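Visitor: Quick one: structure below, then a few questions.
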Amino acid sequence: MKRVSFLTLIACSLLVSISCSDETTVYQDKLEDDLLVENSETALEGSVTLDDAGVLDIFEEEELAGKSSKNSNDELAGDHPLTLVARIKSPSSTLGATHVDVHGDYAYVSYNTANETYLGAIDIVDVRDPNRPRLRSRLTYRNADVNSLVYADDYIYIVGGVDAETSVRATSNSFIAKISVSGARFDIGSITYGFQQGKVATDVAIKGNSVLVSSGSEGSVTKYDRNSLEIQDEMPFADLRSVSVNENNVAVLDADQGIVFLDENLEIVKEIPVESDFPQAAKRTLDFYSDKMVVAEGGKGAGVYDAGTGTLLQHVPILDNTAGSQKSITGVASDNVTNAVAVNEDILLMANGSNGLCLSEDESGSIETFGIIALEGSINYVESKGDYIFAASGLEGLQILKLNRPNQSLVARCAELPAYQGSANLNVNSGETMGYRGSKRFNRLNVNGSLLLCGSWTANNNSNINSNGLFEMNGTFVIGRNNKRKNITINSGGTFRVEGNLTIYGDLILNDGATVEFIGESSVVNIFGKVQRSGNTEVLGTFSDVQNKF
């Protein structure tokens, strides 16, 4: 048993604040401190790291099976030009990211500990400027694990576990807390708590004026009043791992039964058996996907079920990241289990623990595995909204990825161009004129003639615009990574014409006679190295210089 107190749950009148810095406050009673809130921008800015930001590789299924190689000279340019925007470091070496909820311009992240000590945390991450995410506030529980959370209307609802035997107030190990958020910062002047049966609360969801919480072994699904956290209804279950809602349905994932649909009174409407092994205390989630349900089924990967009939449509398998030349993407031993799933339009993402983050595609109703995104850490949970992926990566913290999907207006403007299907090493010879639309991953570009790219593109290696070469981009182009910097070099007479968003994890090198021209009024350039100019060079047009490098 974990043996620490849950003193935060006593009446707020017993709490005394002690200043640690200008904006750091420890809340304690006369025995020990319980809550640490950090709002200092100076203290928090070090938790945002761009060390490994940049172009992400994807180890595709054929490569993982040993059927192809990245070193092949005839390698084709790859789909899904993803980039890592930034990483939010874990609050400590023992706290692992467990869950993330994205709402508007903010991501809310939960943390817990894997050992026998109750310790948890919550982060508020500002992602309004995708080039510069900021950690705005961090709350650390010194006596409770935080397993899941959801944001709604200026409040964060968190759920987790506490030792009820040593707590002054807790009536059960499973708890929910309602914490006010003001100006993207925690306001803990008054925190409301609720408790339910079960060894630990596992998941939380909002439906109307109620909050639904699932709890694990010998637990329940419990409906709380969203304002007061008074229990409105409760249904016992053997071992709930997740709760999910859409407009008309409530579904829970029970380790003993599978998917269970509930009505407004938490009465069972329908059950879909899931024949998978759910080890005790392992995180597993389910998600609505159109008229289907997608379930994280551990060693079986992701199960896809018809929500109406309950029919198992397919299992999306876990790709083995130990085959071929890629021995370990994450750098740690492989779990070979799917912890969580997320759906974004035609993409299914599977958080496969130390086996990485798997990307699959919906092709005419059948989901086909594509590859494993090269991320560090053990991926415990994944959320994806809009053009972004948010991965809770255990001790690596939160990783923010950009899908770089082409803007539809760009697709329309460049509709007459053919979609690119060629080599990952694109060479444009002198006198050649090429133009393509699409969304691809390159190794490198070498432009001696004229090239127009419309859409979203990345490159892993140094790229060149040579004498009298013209490279025009309309959309998004990203080159290099912050820990593996690569350059764009423009030689004499070469022109780089930019309309959209250009990111260089490396240097922009302008040799004598080189020209960079920005088109329109809203182009953005984000250079992490230097702008090196020698001789007579020109920089034309209006643009936003994120890092002030020009």
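The values are calculated or read from the model by the stated rules, or taken from the named source; none is laboratory data. Here the structure is a predicted model, which is why all the values come from computation and not from measurement. Heads up, the Cβs are rebuilt from the backbone with ideal geometry, glycines too, and the neighbour counts pull from every protein chain shown. Ligands, DNA and RNA are excluded from the accessible area calculation, which covers all protein heavy atoms including side chains. Shrake-Rupley method; radii C 1.70, N 1.55, O 1.52, S 1.80 Å.
Visitor: Straight-line reach only, C-alpha to C-alpha below 14 angstrom: list the aspartates and glutamates that LYS300 could link to, leaving out same-chain residues fewer than 8 apart.
Guide: Qualifying aspartates and glutamates at Cα under 14 Å: GLU275, ASP277, ASP320, ASP335.
Visitor: Same structure again: With a 1.4 Å probe and all protein chains in place, put ARG485, ARG241, ARG437 in order of accessible area, largest first.
Guide: Numbers: ARG485 115, ARG241 15, ARG437 85 Å².
Per-residue accessible area, sorted high to low, gives ARG485, ARG437, ARG241.
Visitor: Further question on the same structure: For the charge dipole of the chain, defined by +1 on Lys and Arg C-beta atoms and -1 on Asp and Glu C-beta atoms about the Cα centroid, which residue among PHE278, MET350, ASN425 has the Cα displaced farthest towards the positive pole?
Guide: Comparing the listed Cα positions along the dipole, ASN425 ranks first.
Visitor: Express in Å², to the nearest 10, the accessible area of TYR289 obtained by rolling a 1.4 Å probe over the protein heavy atoms while all chains stay in place.
Guide: Counting only protein heavy atoms, TYR289 exposes about 30 Å² to solvent.
Visitor: Mind checking the full-extension length gain between MET235 and ASN446? Use 0.36 nm per residue of separation minus the Cα-Cα distance, one decimal, nm.
Guide: Length gained, MET235 through ASN446: 69.6 nm.
Visitor: Over the chain, give the accessible area per residue in Å² for a 1.4 Å probe, as an integer.
Guide: Values: 21790 Å² over 550 residues.
I get 40 Å² per residue for this part.
Visitor: Rounded to the nearest 20 debye, what is the charge dipole size of the chain about its Cα centre when +1 sits on each Lys and Arg Cβ and -1 on each Asp and Glu Cβ? Kindly include the intermediate steps, with their values, before the conclusion.
Guide: On the way: 43 positive and 73 negative charges, 322 e Å.
That gives the chain a dipole magnitude of about 1540 debye.
Visitor: Right, something else. In what sequence, highest mean first, do 177-184, 505-512 appear when ranked by Cβ atoms within 10 angstrom? If you can, show how the numbers build up before the last one.
Guide: On the way: 177-184: 16.8, 505-512: 21.2.
So the peptides 177-184, 505-512, ranked by packing, come out 505-512, 177-184.
Visitor: Right, another one. Long-range amide H contacts for HIS103: which residues qualify at under 5 Å (H placed 1.01 Å from N, peptide plane, sequence gap of 5 or more or a different chain)?
Guide: Counting only residues 5 or more places away or on other chains, the set is TYR108.
Visitor: Another question, if that's okay. List, in order, the whole-Hz ³J(HN,Hα) value for each residue of the range 381-392 obtained from phi through the Karplus relation with A = 6.51, B = -1.76, C = 1.60 and θ = phi - 60°; use x for Gly and Pro.
Guide: With the stated coefficients, the range 381-392 comes to 7, 9, 9, 9, 9, x, 9, 10, 10, 10, 10, 7 Hz.
Visitor: Whenever you get a sec, compute what percent of the accessible area on the range 91-170 sits on carbon and sulfur atoms (1.4 Å probe). Show your work: numbers first, answer last.
Guide: Numbers: 1110 of 2650 Å².
Accessible surface attributable to carbon and sulfur in the range 91-170 totals 42 percent.
Visitor: With θ set to phi - 60°, apply the Karplus curve 6.51 cos²θ - 1.76 cosθ + 1.60 along the range 269-282 and write out the HN-Hα couplings as whole Hz, x wherever there is a Gly or Pro.
Guide: 9, 7, 10, 10, x, 10, 8, 9, 8, 10, x, 4, 6, 7
Visitor: Considering the convex hull of the alpha carbon atoms of the range 118-157, report its projected area averaged over all viewing directions, in nm², one decimal. Write out the running numbers ahead of the final one.
Guide: Values: hull surface 13.5 nm².
The Cα convex hull of the range 118-157, projected and averaged over all directions, gives 3.4 nm².
Visitor: Quick one: which residues, 5+ away or cross-chain, put their amide H under 5 Å from the amide H of ASP233? H built at 1.01 Å from N.
Guide: Amide H to amide H, under 5 Å and 5 or more residues apart or across chains, ASP233 pairs with LYS223.
Visitor: Using the Cα atoms as the points, what is the convex hull volume per residue of the chain in Å³?
Guide: Here the figure is 148 Å³ per residue.
Visitor: Would you mind checking which residues have amide H under 5 Å from ASN468's amide H? H placed 1.01 Å from N; only 5 or more apart, or other chain.
Guide: Amide H to amide H, under 5 Å and 5 or more residues apart or across chains, ASN468 pairs with GLY493, GLY494.
Visitor: Give me a comma-separated list of calculated 3J(HN,Hα) values for the range 338-351, in order, Karplus coefficients 6.51, -1.76, 1.60 applied at θ = phi - 60°, integers in Hz, x for any Gly or Pro.
Guide: Listing the rounded values in order: 9, 8, 8, 9, 8, 10, 9, 6, 9, 10, 10, 10, 10, 7 Hz.
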